[in-house]
Amino acid sequence: MSDDIQISDLLARETVSSMRDAVMSMDRTGTIIMLNPAAERLLRVSAGDVLGRSFAQTFIDRVDLEDLNDCILQAIYDPATPHTAEIQILGGNGDRYHLVVRTSLLVGEGGEPVGVVAVVADVSEQVRLLEEKLEQVRVRQLFGRFFLYTLGVMSIGTIVNNLIARSIVDFDIYTPAFAWGYLVVLLVPSFFAIRAMGLSWRDLGLSADGLSRSLKEGILISVAFAGLVAILALTLYHFGALPGHPGQFEPLPTFGYLIHSFFQELVARGFLQTAFQRFLDDRKGVRSVLLTSSLFGLFHLHFGFSAVALTLVSGVVFGLFYLRNPNIFGVTLLHFFVGGCAFWFGLL
């Protein structure tokens, strides 16, 4: 019988020692009488240093274990009542651990209460998986809103295109008034969608991150483009094939076009391209650039297919630039100079 008891005690100790959950026992005075290896790792202590010491004196100064201390101290003061608590503690590596603490009465061989035992289960992995599932649900909800937004703005664009194309309304589509009116029609649902999706200014490219590089590269590419446009315009003019007439530089309309370019890029690059890239898990971003450029090209259908093609090509250029420099201000500058030079040199 004695051998059986010794074997049973040995098995019990081995079982507790091999458990993944942290197990700690205290006697009726709160003195620590047992600590398994999992508890040593979780609490970052050595059993040899804490056994025989009061739990309160050992851990009372550990701010990172404040919630755990509260739960176990309640169990020590009221051992007959089982206690359960879900808590978080900060690990030594800076990670936050999610724990479930369960305490129960510890009884001796004669059935008399001798203390309290606490079992601490680390459920951090389960919490992480749950958070991932919740994030997936949130992303699906956001994609649903974005999909409805895309259908909405496409419908708006189609209505406007048909109204203009069929001359139901008599309005000059080549005036700044129409350009601003059309932009406002697209901006309103865009801002509602941005707010519904909870996008931040940083998500939209409105931050100081990469601003300097974005502006510098935008200026360099704009200057190079202006030179190419000038050469092309002079060549076409020489052969009498210039499609338009060189436009005059007027400060107020020019400033208005700069603001107009900003809002176009805010919707096209900051919102649409970023949203496509996120929902399609498009790490390289090329598919998102093509989708955004195609969508914006269709918004110019009322100007003719040549305008759609020009918008598509320029949109790809702007989109690739934004992939390299995800800041709205640089791509706005590029958009402004590309459109402005084409107008000033008579290519539009």
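The values are calculated or read from the model by the stated rules, or taken from the named source; none is laboratory data. Values in this document were obtained by computation on a predicted structure and should not be read as measured data. Every residue, glycine as well, gets a Cβ built from its backbone with ideal geometry; the counts of neighbours run over all protein chains shown.
Under 7 Å between Cβ atoms, which residue pairs at least 6 apart in sequence (or on different chains) link something in region 40-53 that is surrounded by 18 or more Cβ atoms within 10 Å (Cβ to Cβ) with a partner that is of a type in the set (A, V, I, L, M) and not in a helix (DSSP H, G or I)?
Pairs found: L42/A22; L42/V120; V50/I32; V50/L35.
Can you report the number of residues in region 197-250 which are in a helix (DSSP H, G or I) and among the hydrophobic types (A, V, I, L, M, F, W, C)?
17
Checking the conditions here, which among V313, V286 is in the same structural domain as L187 (by TED's automatic domain parsing), over 26 Å from G346 (Cα atoms), of a type outside the set (F, W, Y) and surrounded by fewer than 17 Cβ atoms within 10 Å (Cβ to Cβ)?
Only one candidate passes the filter, namely V286.
Per-residue answers, yes or no, for (1) touching a His at 6+ places or on another chain (Cβ under 7 Å); (2) outside the structural domain of F279 (by TED's automatic domain parsing); (3) without any contact (Cβ under 8 Å) to a residue 40 or more places away in the chain:
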{"site": "A75", "(1), (2), (3)": "yes, yes, no"}
{"site": "P79", "(1), (2), (3)": "no, yes, no"}
{"site": "P82", "(1), (2), (3)": "no, yes, yes"}
{"site": "H98", "(1), (2), (3)": "no, yes, yes"}
{"site": "G111", "(1), (2), (3)": "no, yes, yes"}
{"site": "V114", "(1), (2), (3)": "no, yes, no"}
{"site": "R140", "(1), (2), (3)": "no, no, yes"}
{"site": "R145", "(1), (2), (3)": "no, no, no"}
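Would you point out which residue out of R41, R20, R102 is assigned to a loop (DSSP other than H, G, I, E, B), modelled with pLDDT of 80 or more and within 23 Å of Q126 (Cα to Cα)?
On the way: R41 fails: assigned to a loop (DSSP other than H, G, I, E, B); R102 fails: assigned to a loop (DSSP other than H, G, I, E, B).
Residue meeting the stated conditions: R20.
Collect the residues in region 292-309 that are crowded, with 18+ Cβ neighbours inside 10 Å and either out of contact with any helix residue (DSSP H, G or I) (no Cβ under 9 Å at 6 or more places or on another chain) or closer than 20 Å to R269 by Cβ (or both), keeping them in residue-number order.
T292, S293, L295, F296, G297, F299, H300, V308
Out of the residues in region 324-339 that are of a type in the set (S, T, N, Q) and within 10 Å of G218 (Cα to Cα), state the one that is surrounded by the fewest Cβ atoms within 10 Å (Cβ to Cβ).
Out of the qualifying residues, it is N325.
Hey, can you tell me all the residues within region 97-141 that are in contact with a strand residue (DSSP E or B) (Cβ under 8 Å, 6 or more places away or on another chain) and small (G, A, S)?
If the condition is that a residue be in contact with a strand residue (DSSP E or B) (Cβ under 8 Å, 6 or more places away or on another chain) and small (G, A, S), then S104, G108, G115, A118, A121, S124 are the ones that fit.
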